[in-house]
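Q: Structure below; questions to follow.
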Amino acid sequence: MSILPSISDALDEKKVTSAINKKFNNFVPAFYKFVSEWIINAYSNFKDIEMYMILIYLVNNDFKFYRKNGIQVDYNTFYQDKTLEIEEIKIIEISEALEIPKESVRRKIIILEKLGVLKRSRKKIFIDRTAYETVRPISALKNISYLVSISSKILKQENKIPNFFSSEEISDTIKKNFSFCWYEFYKFIFSYYFRWRKILGDLETLSIALLIISNASSNKDLIIQDIDIEKWRNRISHADKVGLNSMSISDITGIPRPTVVRKVNSLIKQGYAKIDQKKLISLNIEKKVFSNTQKMQERTVKDVSVLIYKILNKASIN
């Protein structure tokens, strides 16, 4: 006989947020690795992040359908067929949801059709699995599993949960509950990246900014002892002792070097980065933008806490 899970043992957003904020420096390297690599991989598929966002928005409609009708689809089942049927494309709906001009959405969908990613059959639309295989979330699954595992370790240390979960256990949980977990994953993705796009101007600039801050947050001096979110903020701008040059940023992100130079200059003018005499680019959050980034960071921690606690609750029940 199965034992019913205890309601009192369930995690919630507040418990996760509190634990993350207390040991922020232990959490944040995995977080920035996750969000930085995801957007870099998004760019690599079509050299156009917004086009990739349109594609996963369409995929997410299927996850919404599964969620609405109480259907649980695991990872292997979701990827076993050659095609994925999606609802009829409504340009205006995509445009409003992703805040991309309607004509840009239309143009990018036409390109996806020419590439063979999208196919129409009368009123039905399909994503070709052969093409879609290139965006199977292999690295994303690995990175989010590691992030949730790290979070479970912090929560265990803070006595918020009884057990720590390994990356492998989290990955198995996500695969078993794929339609549920990936719906929540995409919900975070859309919220996080488009919120920052409003601030920085475009997703390619955000990709570069995330790489710079990921490089800074992985500094060993920030991981020696537990540091809460306030102390981390005070130290992060001075932690990036060895920056990145524009060529390295171009090689890692796949964004052409002239574009990297132009967007780095934009980040410097906005007060998010600096460049030294050796042409090395590093994080430098100026006081004039500090208040805004602080509010954005607080919103991000809350949003990612929702994703983490929902996955961990699934892991606990399973």
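Every number here is computed from the coordinates shown, using simple stated rules; none is lab data. Since the structure is predicted, the reported quantities are computational estimates derived from the model, not experimental observations. With ideal geometry, Cβ positions are generated from the backbone for all residues, glycine too; neighbour counts draw on all protein chains shown.
Q: Calculate one ³J(HN,Hα) per residue across the range 231-238 by plugging θ = phi - 60° into the Karplus curve 6.51 cos²θ - 1.76 cosθ + 1.60, and present them in order as whole Hz with x for glycine and proline.
A: Taking θ as phi minus 60°, the curve returns 5, 4, 4, 6, 9, 4, 5, 9 Hz for the range 231-238.
Q: Could I ask something else about it? Can you sort Tyr79, Tyr272 so the residue with the fewest Cβ neighbours within 10 Å comes first?
A: In increasing order of surrounding Cβ atoms, one gets Tyr79, Tyr272.
Q: Also, quick follow-up: Please list, in chain and number order, the residues 5+ apart from Ile100 or on another chain whose amide H is under 5 Å from its amide H, with Hs placed from the backbone.
A: For Ile100, whose amide H was placed from the backbone, there are no distant partners under 5 Å.
Q: Aspartates and glutamates near Lys14 by alpha-carbon distance under 18 Å, same-chain residues fewer than 8 away left out - which ones?
A: Filter leaves Glu158, Glu184, Asp228, Glu230, Glu298, Asp303.
Q: Below 12 angstrom from the Cβ of Trp232, what's the summed charge of the other residues (Lys, Arg +1; Asp, Glu -1)?
A: Numbers: positive: Lys22, Lys23, Lys231, Arg233, Arg235; negative: Asp221, Asp226, Asp228, Glu230.
Once all neighbours under 12 Å are counted, the net charge is +1.
Q: Ala273's amide H: which non-local residues (gap 5+, or another chain) put their own amide H closer than 5 Å, with H modeled 1.01 Å from N in plane and none for Pro or chain starts?
A: Long-range HN contacts for Ala273: Ile268, Asn284.
Q: Then there is this: For a quick check, take a GNM of the chain with Cα springs below 10 Å and name the residue from Asp228, Asp74, Asp251 with the largest mean-square fluctuation.
A: Asp251
Q: Let me ask something else. Give me the net charge of Ser139's neighbourhood, meaning all other residues with Cβ under 13 Å from the Cβ of Ser139; Lys, Arg count +1, Asp, Glu -1.
A: Within the 13 Å Cβ shell, the charges total +2.
Q: So which lysines pass the test for Lys90, namely a Cα distance under 22 Å, with those fewer than 8 places away in the same chain ruled out?
A: In chain and number order, the partners are Lys64, Lys68, Lys102, Lys108, Lys114, Lys119, Lys123, Lys124, Lys187.
Q: For the peptides 290-298, 137-145, what is the packing order when you average, over each peptide's residues, the other Cβ atoms within 10 Å and list the highest mean first? Could the numbers behind the result be given before it?
A: Details: 290-298: 13.3, 137-145: 18.1.
Per-residue mean Cβ counts within 10 Å order the peptides as 137-145, 290-298.
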